1. List the residues, sorted by chain then number, that are 5 or more residues from B:Lys47 or on another chain and whose placed amide H is less than 5 Å from its amide H.
2. According to the square roots a ≥ b ≥ c of the eigenvalues of the Cα gyration tensor, what is the shape class of segment B:69-175, taking rounded for a/c under 1.5, prolate for a/b larger than b/c otherwise, and oblate for the remainder?
3. Per-residue HN-Hα couplings for segment B:8-16, Karplus 6.51 cos²θ - 1.76 cosθ + 1.60 at θ = phi - 60°, whole Hz, x for Gly and Pro?
4. For a test of the definition: using alpha carbon positions, the gyration tensor, and the 1.5 limit on a/c, classify chain B as rounded, prolate or oblate.
5. Quick one: which residues, 5+ away or cross-chain, put their amide H under 5 Å from the amide H of B:Thr73? H built at 1.01 Å from N.
6. Tell me the angle of helix A:290-303 to the major Cα principal axis of chain A, expressed in degrees between 0 and 90 and rounded to the nearest ten.
7. Would you work out which of B:Gln165, B:Gln127, B:Val92 lies farthest towards the positive end of the dipole of segment B:46-186? Charges go on Cβ: Lys and Arg +1, Asp and Glu -1.
8. Would you grab the residues whose amide H sits under 5 Å from the one on B:Ile167? Only those 5+ places off in sequence or on another chain, please, with H modelled 1.01 Å from N.
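Rule-based calculations on the coordinates, nothing more; no lab input. What you see is a predicted model; the values in this text were computed from it and never measured. With ideal geometry, Cβ positions are generated from the backbone for all residues, glycine too; neighbour counts draw on all protein chains shown.
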Amino acid sequence: MSEVIHAGQQDDHHDDHHDHGPDKGLARWLFTTNHKDIGTLYLWFSFAMFLVGGVMALVIRTELFQPGLQFVNPEFFNQMTTNHGLIMVFGAIMPAFVGLANWLVPMQVGAPDMALPRMNNLSFWILPFAFGIMISTLFMEGGGPNFGWTFYAPLSTTYAPDSVTFFIFAVHLMGASSIMGSINIIATILNMRAPGMTLMKMPLFIWTWLITAYLLIAVMPVLAGAVTMMLFDIHFGTSFFNAAGGGDPVMFQHIFWFFGHPEVYIMILPAFGVISHIIPAFARKTLFGYDSMVYAVASIAFLSFIVWAHHMFTVGMPLAGQLFFMYTTMLIAIPTGVKVFNWTATMWRGSMTFETPMLFAIAFVVLFTIGGFSGLMLAITPVDYQYHDTYFVVAHFHYVLVPGALFSIIAAVYFWFPKWTGKMYNETLGKLHFWLSFIGVNITFFPQHFSGLAGMPRRIPDYPLQFADFNMVSSVGAFIFGFSQLFFLYVIIHGIRSGTPAKARAWEGAKGLEWTLPSPAPYHSFTHPPKVTDEEVHA
Amino acid sequence: MTTNAQSSEIKRTVRKLCLIVLAMAAFAWALVPLYDLFCEITGLNGKTGGPYTYDPATTSPDTSRLVKVNFITNTNQGMVWDFWSEKGGVRVHPGELKEVNFYVRNTTDRVMVGQAIPSLVPVSATQYFHKTECFCFNQQILQPGEEMVMPMRFIVGRELPTNVQSINLSYALFDITEAMGDAVVTGG
């Protein structure tokens, strides 16, 4: 039935839009308002930033390969840890998810484009400038930001390098971009769904992005406020975070983490959505517990606002505060557990096959859960005093961000690659990429649990001899993982150039309106709203 | 493409979302006074309050209890003055007025301005630690080589929770010469 609808669409497409194809050359990308073009721009940009941040990670791991100072001086090392964090969070993971949203939201809700296509162009094109400014600080006198990605005051105010002002403006730009992107996504989802797609029939990627976008517009202004206060403290003699003038440096941490904790979920909720599409497709079953998935995401988003101080248990907090933040943090394990249970139950007795997206999705479930458990350990206030600011924390958040958020993005790229390009990537190469990544990521980050528990602090260029073995293993893993992402680039380019043509429904178990479109998806799709049929919605 | 009805719906949504953004931006700035207020009420950040008026007629010392008050002095952010207290600590009855002298010496050859910031633990005692006079209420302007005696008078409130047996009062001395500007230094 969907085939019929979609044939009709093709005709319309030819009748109405023969003169609306993409422009030629650079102008197409500079002035585009097409959600598919902008999605592509976001994805390539985030991949470029991923490589830049990855090079910084490899500088860090090279220095830590052996104890002692070998390659870089400590000042530069600090700039590397800071910029690695900032670029991976704001430049790689977040734009990649926005890129996925651009590609998928209109196609999955049956809309012709995003609600505000011109603002969409602006929200992307701000980003290269923001990161251009931020990366340029590394070449300035006094160096770039060196205060950690959390930029705690007064390290980022009184003791900051002069380039901190550029950093502040870069953060403002990133915030503006994210807010505009989110407004666009919410407006599209709320107003442009095809008739018949009620809220509880929306695909889970749409649900998770809707909630993520609300989180973004709620906390990005708070981040902007925090950096503006820093700017005032540095240049206009105010004392927001300066104790001598009556301010409080601890207040910076509260404001930062009030932004920072929801930010953590901004980077993982869309991943939950992606995984909720891939696992049912390759288990050839409908998703288990759709409604509970939606409620779980909503609860996680709500809880993210009231747990922030678990990042700062050691700052000096009354017992009641520690207990409150400990219990609310542990509460998050319940909706997260519901999600992991549902993914597992979806696979249960399914007719599973293990193509590359599925491999990444299963690895996501397993490794993200490991990261979740180490998070639970960190939530226990009394033991957090031991774990705080050690490599255990580094291991924890890399487990949720690399085999968590990043694996879900890679899985999404493989899964929707045929829809975007009309070609199939080479399955053998994809699987090889998966195994290299999977082995690399575990060799890199698993030993960091042990060095952290043994007391190795984070953000140091040198360490006692007892941590030498774990660090050497970790560095070897980092290089395996890093170079296997160059291989990912090769797999993608190979797929685009010489992949075999893909069918409209590239995966036989894949459901959703986007699979009713031909592959590659036409430049303009769903110019007339499609009919939403029961077999295409998950509920 | 988008119909007229749809585009007015979109406009309405966007307007609402912009309001959320503005509200959250306002909230970020409101966090500053809210944080101060919260700390003032709960004493959570260990900042002791401003000048306290002491009426000896209505307050009698609670001789059944003795509380140890320890003093810690340190200098912060490259402050080069010497800063010390006459005693490391004193034992007081709750409700009893006590005076302790603190000293600063400007060891440099220029006029400097200092500001001491108090911090008290346990935080549950913050609200019951009253100061009738403290050098932290104002700034100190010292000529080169000048030394100054700074008395600090305090009363530990009788309502102090009984589980608090000792209080640590720490002062961090900051160099605020630059922030005060040249006018203050040359004028003083």
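1. B:Leu120
2. Since a/c reaches 1.5 and a/b is larger than b/c, the shape of segment B:69-175 is classed as prolate.
3. With coefficients 6.51, -1.76 and 1.60, one gets 6, 4, 4, 4, 5, 4, 4, 4, 4 Hz.
4. Oblate, since a/c reaches 1.5 and b/c is not below a/b.
5. Result for B:Thr73 returns B:Tyr171.
6. Taking the Cα atoms of chain A, the angle to A:290-303 is about 30 degrees.
7. Final value for the positive-end residue is B:Gln165.
8. Under 5 Å from the amide H of B:Ile167: B:Lys68, B:Val69, B:Asn70.
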